[in-house]
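Engineer: Structure in structure tokens, see below.
The values are calculated or read from the model by the stated rules, or taken from the named source; none is laboratory data. Only a predicted model underlies this, so the values are computations on that prediction, with no experimental measurement involved. Please note: Cβ atoms are built from the backbone with ideal geometry, for glycine as well, and neighbour counts cover all protein chains shown. The area values use the complete protein model at the heavy-atom level, side chains included, leaving out ligands, DNA and RNA. Shrake-Rupley method; radii C 1.70, N 1.55, O 1.52, S 1.80 Å.
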Amino acid sequence: MKRLVILGAGTAGTMLANRLASMPEMDDWRITVVDATREHYYQPGFLLLPFGVYSKDDVVRPKRYYLPAGAELIFAEVDHIRPDQKSVVLMDGRNVAYDVLVIATGSHIHPEETPGLMEHEWHKSIHTFYDFEGAVALAKALRQFKEGRLVLNVAEMPIKCPVAPLEFVFLADWYFTHRGLRDRIEIVYATPLPGAFTKPKATEMLGNMLAERGIQVVPEFNVMEVDPDARILRSYDEQEIEYDVLVSIPVHMGAEAIARSEMGDELNFVPTDRHTLLAKHYDDIFVLGDATDLPASKAGSVAHFEVDAFMENFRRYLDGLELLPLFDGHSNCFIETGYGKGVLIDFNYDVEPLPGMFPLPGIGPMPLLTESRVNHWGKLLFHWMYWNVLLKGRELPIPAQMSMAGKRL
Amino acid sequence: MTTKTLAELNVALDAEGFLVNPDDWTPEIAEALAREEGIDLTDRHWEVINFVRKYYEEHGEPPTLRAITKRSGVPTKELYQLFPKGPAKKVARIAGLGKPKGCI
């Protein structure tokens, strides 16, 4: 029996395991999933936890429930990969042999990379919503915050879900307005990017929305250190930003097992072919989800479109055919903007987010790059779809490749 | 793509001021691009520029700031002093390469 091993049972790894398990060609393959932890987090929910929108049960569920019954599940930490021996060495000394390996080990925050961040003020006046504990601590801090300066800082790109910092400041504006405190609270968004977002049309539209809501943007701010006692953020070029509450999106890195395997770049992301998703220099290792170094968003929608592209190519792989350049960098994000509204953007490697209608050209129902109530409901519905449709590997009526139909240039 | 030219040397630049064709690059072009940025190139600048060009030859793309810091041995803080406001992007431009990724 041949062996396919998936490292990581997060969004990408779980979707993939389910899709492979229902594939007839895989009947004579054994599928193994390796992961160190037992809880699956609905990460988009971390954005809403601080504002009291979700509870713990909405965002945390056992990984086991979402993985296919036929797959072998190993809960253990990976020490390193031995591509020359086609095997994975676990921390407990076990070896897992593979014929095909899929790396889906994701990305994780590293607040310790920024001096001052994760010291005595961590979870007190310095917060993050990029993990569960952080989001819960921040919910408490926001409830108690009555007056002063709330600063959101992105430490370094890339981060998971590059629109999340924008959503956070939009939701903070809505949250404090709703509580009658907005005129006593300043909201500042400090980012290493040259503007609100990375692509021109969306940056312009979102930049205008930030200005309308009185949210101050500090672009090209590359944080060097935080002074937790003076409550100051300091950049490499010696700009300073004062805060009362700091919400940090810390440096992101790939898994340490990737570094131990000497297979990653400076941030432990695995060099990956942009279109076939094969790890560069290997013909039996694929990389999916946040673990790649692709110039695409680190987001669940990207992982989903990558799994679609992988599945089509993997049939060819099994037949010994050449892989096709099927992945186009497709990304699709809901941006919560508060007040019961949202914006939807759809883009890929080459085409920036454009206005239009989605998914049906001219009909929608969701308008692109425009604020609407439908998009907000889309985002809430997505929570249900994530647990019940996406993770289980059921098909969505959205093609893997981005479509220009319905978009206006 | 809109293009302009670097006046004194007649080299095509893209809308963001990067060389359209990296093969056009010469040290004189680097000097001229640096002057546009208000930078006088010293030996320490050249150390970084040469590192970035070598990295590009090996990897096919310009390095991110973290890659420069980690592999060239020039600390981040100094990079900001040498190439103020976005060193990775500035060095890439002066070294005649495209815009570094990491902006998604």
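Engineer: Is it the case, given these coordinates, that residue A:162 is within 14 Å of chain B (Cβ to nearest Cβ) and out of contact with any strand residue (DSSP E or B) (no Cβ under 7 Å at 6 or more places or on another chain)? Walk me through how you get there before you give the answer.
Structural biologist: On the way: within 14 Å of chain B (Cβ to nearest Cβ): yes; out of contact with any strand residue (DSSP E or B) (no Cβ under 7 Å at 6 or more places or on another chain): yes.
Spelling it out, residue A:162 is indeed within 14 Å of chain B (Cβ to nearest Cβ) and out of contact with any strand residue (DSSP E or B) (no Cβ under 7 Å at 6 or more places or on another chain).
Engineer: In the stretch B:68-79, which residues are within 10 Å of another protein chain (Cβ to nearest Cβ) and either farther than 18 Å from residue B:22 by Cβ or open to solvent by 20 Å² or more (accessible area, probe 1.4 Å) (or both)? Walk me through how you get there before you give the answer.
Structural biologist: As a first pass, look at the stretch B:68-79 and keep what is within 10 Å of another protein chain (Cβ to nearest Cβ): B:68-71, B:75-79.
Answer for the stretch B:68-79, where residues must be within 10 Å of another protein chain (Cβ to nearest Cβ) and either farther than 18 Å from residue B:22 by Cβ or open to solvent by 20 Å² or more (accessible area, probe 1.4 Å) (or both): B:69, B:70, B:71, B:75, B:76, B:77, B:78, B:79.
Engineer: Does the stretch B:32-47 contain any residue that is of a type in the set (A, V, I, L, M), within 18 Å of residue A:235 (Cβ to Cβ) and within 14 Å of another protein chain (Cβ to nearest Cβ)?
Structural biologist: We begin by selecting, within the stretch B:32-47, every residue of a type in the set (A, V, I, L, M); these are B:32-34, B:39, B:41.
Next, from what is left, pick out any that are within 18 Å of residue A:235 (Cβ to Cβ): none.
No - not one qualifying residue is present in the stretch B:32-47.
Engineer: Can you say whether residue B:68 is in a helix (DSSP H, G or I) and closer than 26 Å to residue A:271 by Cβ, as far as the supplied structure shows? Before the answer, list the steps.
Structural biologist: Numbers: in a helix (DSSP H, G or I): yes; closer than 26 Å to residue A:271 by Cβ: yes.
Yes, satisfied.
Engineer: Right, next: May I ask you to list the residues in the stretch B:80-104 that are at the interface with chain A (Cβ under 8 Å from one of its Cβ atoms) and either under 12 Å from the mean Cα position of the chain (by Cα) or outside any helix (DSSP H, G or I) (or both)?
Structural biologist: B:84, B:85, B:86, B:101, B:102, B:103, B:104
Engineer: Ok, one more. Within the stretch A:12-25, track down each residue that is farther than 22 Å from residue A:291 by Cβ and either in contact with a helix residue (DSSP H, G or I) (Cβ under 6 Å, 6 or more places away or on another chain) or charged (D, E, K, R) (or both).
Structural biologist: Residue satisfying the conditions is A:25 alone.
Engineer: Quick check, is residue A:206 buried (at least 22 other Cβ atoms within 10 Å of the Cβ), in the same structural domain as residue A:166 (by TED's automatic domain parsing) and at pLDDT below 95?
Structural biologist: Details: buried (at least 22 other Cβ atoms within 10 Å of the Cβ): yes; in the same structural domain as residue A:166 (by TED's automatic domain parsing): yes; at pLDDT below 95: yes.
In short, yes.
Engineer: Go through (1) open to solvent by less than 10 Å² (accessible area, probe 1.4 Å); (2) more than 18 Å from the chain's Cα centre (by Cα) one by one and return the number of the condition residue A:264 breaks.
Structural biologist: (1)
Engineer: Given A:116, A:70, which one is open to solvent by 50 Å² or more (accessible area, probe 1.4 Å) and in a loop (DSSP other than H, G, I, E, B)? Please lay out each step first, then the result.
Structural biologist: On the way: A:116 fails: open to solvent by 50 Å² or more (accessible area, probe 1.4 Å).
Residue meeting the stated conditions: A:70.
Engineer: Having 1 or more residues that are closer than 30 Å to residue A:370 by Cβ, in contact with a Ser or Thr (Cβ under 6 Å, 6 or more places away or on another chain) and in contact (Cβ under 8 Å) with a residue 40 or more places away in the chain is the bar; report the strands (runs of 3 or more DSSP E) wholly within the stretch A:254-347 that clear it. Full working, then the answer.
Structural biologist: Details: elements: A:285-287, A:331-338, A:341-347.
Fully inside the stretch A:254-347 and qualifying: A:331-338, A:341-347.
Engineer: Of all the residues that make up the stretch A:227-253, how many are on the phi < 0 side of the Ramachandran plot and either β-branched (Val, Ile, Thr) or part of a loop (DSSP other than H, G, I, E, B) (or both)?
Structural biologist: Keep residues of the stretch A:227-253 that are on the phi < 0 side of the Ramachandran plot, which gives A:227-230, A:232-237, A:239-253.
Adding the requirement that they be either β-branched (Val, Ile, Thr) or part of a loop (DSSP other than H, G, I, E, B) (or both) leaves A:228-230, A:232, A:236-237, A:239, A:241, A:243-245, A:247, A:249-251.
Final tally of qualifying residues: 15.
Engineer: When the residues of the stretch B:44-65 are filtered to those that are modelled with pLDDT under 90 and in a helix (DSSP H, G or I), which remaining residue is most open to solvent (accessible area, probe 1.4 Å)?
Structural biologist: Per the criteria, the residue is B:58.
Engineer: Do any residues in the stretch A:209-225 that are within 14 Å of chain B (Cβ to nearest Cβ) have Cβ atoms under 6 Å from those of residues that are among the basic types (Lys, Arg) and surrounded by 16 or more Cβ atoms within 10 Å (Cβ to Cβ), where the two are at least six apart or on different chains, and which pairs are they?
Structural biologist: Qualifying pairs under 6 Å: A:224/A:234; A:225/A:234.
Engineer: A further question on this structure: Say whether the condition of being among the charged types (D, E, K, R), under 19 Å from the mean Cα position of the chain (by Cα) and open to solvent by 50 Å² or more (accessible area, probe 1.4 Å) is met by at least one residue in the stretch A:129-144.
Structural biologist: Filtering the stretch A:129-144 for residues among the charged types (D, E, K, R) gives A:131, A:133, A:140, A:143.
Then keep just the ones that are under 19 Å from the mean Cα position of the chain (by Cα); that gives A:131, A:133.
Going one step further and asking which of them are open to solvent by 50 Å² or more (accessible area, probe 1.4 Å), we end up with A:133.
Looking for residues that are among the charged types (D, E, K, R), under 19 Å from the mean Cα position of the chain (by Cα) and open to solvent by 50 Å² or more (accessible area, probe 1.4 Å), one finds at least one in the stretch A:129-144, hence yes.
Engineer: Scan the stretch A:23-60 for residues that are open to solvent by 30 Å² or more (accessible area, probe 1.4 Å) and among the small types (Gly, Ala, Ser) and jot them down.
Structural biologist: A:36, A:52, A:55
Engineer: Of these, A:199, A:160, A:140, which one is over 18 Å from residue A:299 (Cβ atoms), of a type in the set (Lys, Arg) and outside the structural domain of residue A:294 (by TED's automatic domain parsing)? Steps first, answer last, please.
Structural biologist: Values: A:199 fails: over 18 Å from residue A:299 (Cβ atoms); A:160 fails: over 18 Å from residue A:299 (Cβ atoms).
That would be A:140, the only listed residue that is over 18 Å from residue A:299 (Cβ atoms), of a type in the set (Lys, Arg) and outside the structural domain of residue A:294 (by TED's automatic domain parsing).
Engineer: Let me ask something else about it. For the condition assigned by TED's automatic domain parsing to the domain that holds residue A:206, closer than 30 Å to residue B:67 by Cβ and in contact with a Leu (Cβ under 8 Å, 6 or more places away or on another chain), what is the one hit in A:130, A:175, A:189?
Structural biologist: Values: A:130 fails: in contact with a Leu (Cβ under 8 Å, 6 or more places away or on another chain); A:175 fails: closer than 30 Å to residue B:67 by Cβ.
The match here is A:189.
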